[in-house]
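These notes concern the structure reproduced below.
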Amino acid sequence: MAAALERALGSVPAVPAAEPVPALVLGPAGSGRTALLLRAALAGGGDGPRVLFLAPSALPRLPGGGDGNDRRALQRLELRYPPSLGALGRELGAVGAWPRPPGLLLLDGLERYLGGAPGALARLAALLLEAARSPGPPRPPAQVLASLCLPPPGPHVLPALRRYFPAECRLRPVPGVPLHLCARLACPGAPPRCWHLHFSPHGQLRVAPADAGDSEGDEDAHPDGDEDSDEAWG
């Protein structure tokens, strides 16, 4: 299961998986992908895993309301901003040398690292999954979560990514309701689950469970599954 993402959405897997499942967070621009990744990073407070958060540019602000639990959780968070695929590869290659490797590896803005370079997508996925399996004493691999802006930067990006990321969390803005979204999480071997997400004007996120029927229309608009259209995302 995508345990870190499930905790961020207020759910705990009924049966813990032997290994964490890499997961994609998908949604159009402004749908809260970064906020959800950061919520996953801070879930568990000060007792959660060490987190490496990677993004192509600096965050405009850090999450948290400033209480003691937030400060302890933020101490687990390592923020890095590699501006290119080459720089990202160097960051991921250095993870194996960390004295205490991260238990959660987050990549925001995956589409900005793909560019037009042949093989960039496969190389990036391989780098992420290799970094998750750090050398040293036997330990579970790190959970890997990556966000991708929809529509994807090419017709074959999503089908290719699904070979590496079996779980998906799709964020869909609710038409006519500002700052309100539906989240639909699909993991291998489990029925899809849904949540309502509501952002306050100050950026705070509230999450509540929803019925699976609330996510109708989240499936790929194209029958071959190659690409999501703008219409599918309202």
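No lab work stands behind these numbers, since they all come straight from the coordinates. Note that the structure is predicted; figures quoted are calculated from it, not measured. For neighbour counting, all protein chains shown are included, and Cβ atoms are generated from backbone atoms with ideal geometry for every residue, glycine included.
Between residue 163 and residue 58, what is the label-point separation in nm under the 7 Å Cα-to-beta-carbon projection?
3.8
With label points built 7 Å along Cα→Cβ from the Cα atoms of residue 71 and residue 123, find their separation and express it in nm.
Between residue 71 and residue 123, the label points sit 4.3 nm apart.
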